[in-house]
1. I'd like the full set of residues that are within 19 Å of the chain's Cα centre (by Cα) and crowded, with 19+ Cβ neighbours inside 10 Å, limited to the range 270-280.
2. Here's a check for you: in the range 66-79, which residue that is at pLDDT below 85 and either out of contact with any helix residue (DSSP H, G or I) (no Cβ under 9 Å at 6 or more places or on another chain) or crowded, with 23+ Cβ neighbours inside 10 Å (or both) is farthest from residue 358 (Cα to Cα)?
3. Yes or no: residue 145 surrounded by 24 or more Cβ atoms within 10 Å (Cβ to Cβ), at pLDDT 80 or above and on the phi < 0 side of the Ramachandran plot?
4. What is the one condition in (1) surrounded by fewer than 22 Cβ atoms within 10 Å (Cβ to Cβ); (2) more than 29 Å from residue 241 (Cβ to Cβ) that residue 14 does not satisfy?
5. Being surrounded by fewer than 22 Cβ atoms within 10 Å (Cβ to Cβ) and out of contact with any strand residue (DSSP E or B) (no Cβ under 6 Å at 6 or more places or on another chain) is the requirement here; does residue 44 meet it?
6. Listed residues 15, 11, 21; which is touching a helix residue (DSSP H, G or I) at 6+ places or on another chain (Cβ under 9 Å) and at pLDDT 85 or above?
7. For the range 245-258, which residues satisfy the criterion of being assigned to a helix (DSSP H, G or I) and buried (at least 16 other Cβ atoms within 10 Å of the Cβ)?
8. Based on this model, can you work out whether residue 294 counts as farther than 24 Å from residue 149 by Cα, in contact with a helix residue (DSSP H, G or I) (Cβ under 6 Å, 6 or more places away or on another chain) and at pLDDT 90 or above?
């Protein structure tokens with residue numbers, strides 16, 4: 001598994017993809033830090049800003065299958081370059097917006113669409129087609145860890161930029177940071193790469209989509225990933241506000257987000273490696289179940305600085321570590337020829353959940369003054385997600401050959 005990644009020709013595109021995700025996901029996962037400053041500056045209200053970010057959650061997911069299909073057809077490089085430019089444009093225009101519609105168009109559409117085009121479906125799909133089957137899980141974990149490293153690095157940087165330059169200056173700075181990913185995109189192989197033999201019986205994308213949409217296991221995977229999106233979007237959008245409601249300093253929020261990121265580096269790499277040792281559906285069931293337990297523990301504990309740090313580390317252990325086993329199941333069921341498209345559709349389900357997590361969090365806070373109902377909804381959904389992964393069709397792991 002790991003020995004395959006020691007080959008520089010194999011490792012290089014994996015590192016380039018992880019670096020791209022470091023920048024795009026690091027910027028995207030720090031957006032919750034802007035909620036309070038934007039509200040203070042524009043007076044739009046938490047609900048309106050939550051709606052703009054919720055639109056972004058949906059758009060980020062909706063673009064995944066489209067970007068994946070484009071990458072399957074034309075290769076990843078043009079898709080990634082266009083995505084970076086659109087993401088940069090959204091960050092440049094956001095400070096000029098003072099209406100809900102304007103924020104929804106820049107943060108919700110442009111920034112999210114650009115980030116989504118440079119995200120998991122395109123990057124993991126591109127890497128999978130260049131790797132032997134036994135290395136794909138580890139490679140997905142490494143690529144995924146790039147996004148978590150970005151959150152660890154850029155969340156404190158973003159908080160410091162907001163404090164020194166104001167939220168507008170920080171947003172413009174993030175636009176400049178987006179440009180740093182261009183050399184990494186150019187470093188990826190320009191050709192599409194030869195696909196590994198696909199499990200799909202048909203010869204084209206339409207046949208692959210038809211087979212997937214008729215498969216019950218594929219739909220169960222969608223339902224579980226919907227819950228993952230609800231969980232992550234609620235927390236990434238509203239955890240800073242939750243910390244503020246507890247009377248703690250803004251630095252606690254930025255360091256909590258950073259700790260989520262650094263913990264998920266270890267979680268993503270470990271879970272990616274485990275996809276070749278354990279069935280992915282059991283890994284996913286365990287991770288979703290652990291989230292329900294963790295949130296219940298959080299609700300029972302006093303809300304101190306160190307409780308939030310411990311909570312963040314626990315969250316980070318499974319934060320985006322669900323991506324490698326989810327992609328692995330899609331690849332096992334249908335092959336990797338259209339993995340970017342089929343996994344992109346599961347990411348759309350993820351982000352429909354993300355839309356609800358981000359937006360309902362704002363509605364609940366406005367109506368009740370706290371997030372109690374959201375925490376309990378998160379517990380119930382995580383428990384259900386753990387259960388529905390068990391009947392997914394997945395062959396047992398075969399012992400590795402010498």
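1. Listed by number, the residues that qualify are 271, 272, 275, 280.
2. Ranking the candidates gives 74 first.
3. Against the criterion (surrounded by 24 or more Cβ atoms within 10 Å (Cβ to Cβ), at pLDDT 80 or above and on the phi < 0 side of the Ramachandran plot), residue 145 does not qualify.
4. The single condition residue 14 does not satisfy is (1).
5. yes
6. 21
7. Matches in the range 245-258: 250, 252, 253, 254, 255, 256, 257, 258.
8. no
The values are calculated or read from the model by the stated rules, or taken from the named source; none is laboratory data. Since this is a predicted model, take the numbers as computed values, not measurements. When we count neighbours, we look across all protein chains shown, and the Cβ atoms used for this are built from the backbone with ideal geometry, even at glycine.
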